[in-house]
Amino acid sequence: MEEYTGTSGEATIPGEGSPAAPPESPPGFLDLIYGVFFEPRSTFRRLSANPPLGLAVIIFTLVNLAGALAGGLMGYHLSMQAVPPYMGMHWLTPVAPMMAVAGLIFQYIKWVVVSALLYLTASLLGGQARASGVLTITALAALPGLLMIPVDVLLYLFNVRGTGLTAVTAILGLAVFLWGVVLVVLGLMEMYRFPAGRAVLVVLLPPAVIVLSVIVLLVIFAAGISSLLPLAG
């Protein structure tokens, strides 16, 4: 069969298409952040072959560190504004740094536990992927939490407290949480080549099993307590 040379000088065979394109380079730090926010599905598809776990851990750490600092600032602000002192939260001032560190450690523990549950569930549902891929997805899904930092700063500057503070943080916190869940679903779809329904099932099945187990344990506990109590006449 006759070969011909393309414009790049590489020999090709007629009827068998052009040479394979070189592998796409992994995204950088800012490209990864931009992609997760504005092009999540294509970004996760790009990461599926070689998940950048190290870079994802750095981003996860920076996001949670910034959140801990903003939360500590808000806690300090609330403790300073409490009047009278015995009804306030002045006790938060000395323990605020320790609470921030404990919160950061808790985020790491939650990240590992959630990733392990998702990996196990996806494997049980027929998926095949590396654990580093799931860890990367869940780490990058923390990025929407950055949006709470300017909110905390604005609440601090405008001295928002009481019901207003609770309402704003609750609504925005729920929105950020749901955004993160959507990012995890999209990441699982690309990492495991799952349809949307199966990816949603991977996310919902672990908490559903945990809640059901707690309910069953409570029912068993209540039944055991009631059997020990004397029957009413």
What is the gain in length, in nm to one decimal, between Phe177 and Ser132 on full extension, counting 0.36 nm per residue of separation less the C-alpha to C-alpha distance?
14.0 nm
Between Val219 and Met98, the two model label points (7 Å from Cα along the beta-carbon direction) sit apart by a distance in nm of 4.2 nm
Which residues does the label zone of Glu39 cover in region 120-154, counting backbone N under 15 Å from a point 7 Å along Cα→Cβ?
none
Pulled fully out, how much extra length does the chain show between Leu120 and Phe158, if you take 0.36 nm times their separation in residues and subtract their Cα-Cα distance?
9.1 nm
Val168 to Leu69: FRET efficiency via 1/(1 + (r/R0)^6), r the Cβ-Cβ distance, R0 25 Å, to the nearest 0.05?
0.85
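Only the coordinates and a few stated rules stand behind these numbers; no lab work does. Just so it is clear, the model here is predicted, and its values are computed rather than measured. No Cβ is skipped: glycine too gets one built from the backbone with ideal geometry, and neighbour counts run over all protein chains shown.
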